[in-house]
Amino acid sequence: MTQAELRLCSLLLQEHFGEIVDKVGSSLLRTGPRPLRLLVGDTGLLPDQVKKALCVLIQHNLVRYEVQPRGYVEYEAQSERILRILRYPRYIYTAKTLYGDPGELLVEELLLHGHLPMSSAVARVADRLTETMEDGKTMDYTEVSSTFVRLADTHFIQRCPAVPESPQSSKAPPPPAPALAIAEKDMYIVPRLSLVGKGKRRHSCDEEEEEGERTAKRQKQEGGSSETPPDDGIYWQVNLERFHQHFRDQALVSAVASRMDQTSSEVVRTMLRMSEVTTASGASHTQPLSSNEIFRSLPAGYNIGKQVLDQYLALLADDPLEFVGKLGDSGGGTYTVSILCDVGIRSLGGSPSPFPHPSLIPASCRFGSRCARIFRLLLRKKHLEQKQVEDFAMIPAKEAKDMLYKMLSENLVSLQEIPKTPDHAPSRTFYLYTVNVMAAARMLLHRCYKSVANLMERRQHEMRENKRLLEKSQRVEAILASMQATGAEAAQLHEVEEMITGPERQQLENLKRNVNKIDTSENQVDETIFVLESFIESTMKRL
């Protein structure tokens, strides 16, 4: 694990879970798997604090545990899963785009709590939606439940592994830590629950206390125990790999649309939608689909005939980028969409490398457009001598030499020696420049991690510098909200608003604008991280 990744993981843990959890998580990331005793010694925290921090990390799938043969339990941090916290806004926005407000809030609640039972998630989301509705209107549990079922049917959420039931006759001592497991066929089965009810609005503090007292009295009269939820023990979590599959599918569709036309992209989108649930996350191709099945599944708005569809499929299959592959002629022709082979790499960026666009070419970002031209040339020609680079790129010899040496010092390009004789004499040796795409992708990914960490630290600095002003603004907003609730006059409200002066208001607007820019930059860098990680992962699988 690089220092950039460690720094970014530490910042993410501190921002979302606090300093204690950050200490425990960073210790595990630095030292590797550790038992509780050593973890307490490394962090200098109390054993109770370390246990609670581990509970939080395990709850959010950021740490896993394993019982060792000698009987003690080791805890190991999941660095890849911690880095996925950076992508949470994108997951939530995707759920909103596909399933509306209920889907957005369901995914948000599951990410916020790590995992939840269905009944609890539905109740929380119904209450939050009711808060945003007009007075007298409420959100019914059944509507939220139907969205929950749709999310499970499309595999965007899945069941958490549970403790397998042991036979009651077994007298063996329990293990130091339970072994969690779940069958793959049960991961997306939603329990049949009759969730009846409507969302509730928040009450004032006095009303909440009175309602709490009434609930406690009722529980005491009923025997002192609250009712067990119908799905007790069945917890759900967000399936991040399914969201990544959706992002990859959208990139494939966009690549087809930019290379061909909108109808071709809609054909590919239909094929991906038909096989989104049946295709494994690491598969190189989708499940085979016949031309007749694709024709029946096309959207109603696309009025193209069967013959036209066959022509589009033939064009896609004959294209050099091979977005679609043809497997046979049964059913009018059997086709698949290529994902993690060379075409999958092309589709994420539009070329056989993860540097298809100037914004993704490190040479362009650091050394200008002429270096980017040389970089593209080496990607296309594979190996070139310095004289050939000068001729093909049409750049003067001195400038080309300086640019090549700059990129060589940054490890963007490499130099390969091919001797004519065994003595490796420089006068009898070819010196060829080439691009090690994997090394360049890893280097760029490392810089992306550093960029995100810098952005997060900059945002924290902005918030610290304006801490007093933010607290004052929050106090004024709280006073205004309470006055509006009691029906205060407009003159009184205006008087309270004037507690924040004009320069302070301008400073708040500048702070908000700067923080929004930083948040947008984080999301843009994360999109680049996703492209580079997908490229590295697919390349490693093909090796």
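Per-structure values
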| read-out | value |
| --- | --- |
| Sequence-distant lysines (8 or more away, or on other chains) whose Cα lies within less than 30 Å of K406 | K381, K382, K387, K398, K420, K450 |
| Peptides 273-280, 523-530 ordered by average Cβ neighbours within 10 Å, highest first | 523-530, 273-280 |
| Long-range amide H partners of L327 with built H, under 5 Å | T334, Y335, T336 |
| Net charge of neighbours whose Cβ lies under 11 Å from the Cβ of H244, counting Lys and Arg as +1 and Asp and Glu as -1 | +1 |
| Segment A485-Q250, length gained on full extension (0.36 nm per residue, minus Cα span) | 80.0 nm |
| Protection proxy ranking, peptides 501-512, 88-99, average beta carbon neighbours within 10 Å, highest first | 88-99, 501-512 |
| Positive minus negative residues near E533 (Lys, Arg vs Asp, Glu; Cβ under 14 Å) | +2 |
| E19 paired with H446, simple spin-label distance in nm, labels 7 Å along Cα-to-beta-carbon | 3.2 nm |
| Accessible area (Å², per residue) of the chain, counting only protein heavy atoms and a probe of 1.4 Å | 56 Å² |
| Added length on full extension, which subtracts the Cα-Cα distance from 0.36 nm per residue, S297 to R192 | 34.9 nm |
| Relative packing of peptides 461-470, 313-322, 24-33 - highest average C-beta neighbours within 10 Å first | 24-33, 313-322, 461-470 |
| Segment M394-R513, extension gain: residue separation times 0.36 nm, minus the distance between their alpha carbons | 38.5 nm |
| 222 nm mean residue ellipticity, helices alone, for the chain (DSSP H n ≥ 4; -39,500 (n - 2.57); rounded to 500) | -19500 deg cm²/dmol |
| Net charge, R64 excluded, C-beta distance under 11 Å - Lys, Arg +1, Asp, Glu -1 | -2 |
| Point-charge dipole on Cβ atoms (K/R +1, D/E -1) for the chain, about Cα centre, debye to 20 | 2040 debye |
| Long-range Cα-Cα pairs in the chain (distance over 29 Å), rounded percent | 68 percent |
| Projected area, mean over directions - the range 360-435, Cα convex hull, nm² | 5.0 nm² |
| Carbon and sulfur %, accessible surface of the range 439-489 computed with the full protein complex present, 1.4 Å | 49 percent |
| Helix 3-17 vs. the chain, principal-axis angle (Cα, 0 to 90°, nearest 10) | 20 degrees |
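The values are calculated or read from the model by the stated rules, or taken from the named source; none is laboratory data. Keep in mind that what you see is a predicted model, and the values were worked out from it rather than measured. Please note: Cβ atoms are built from the backbone with ideal geometry, for glycine as well, and neighbour counts cover all protein chains shown. Remember, those area values only see protein heavy atoms, side chains included, never the ligands or the DNA or RNA. Shrake-Rupley method; radii C 1.70, N 1.55, O 1.52, S 1.80 Å.
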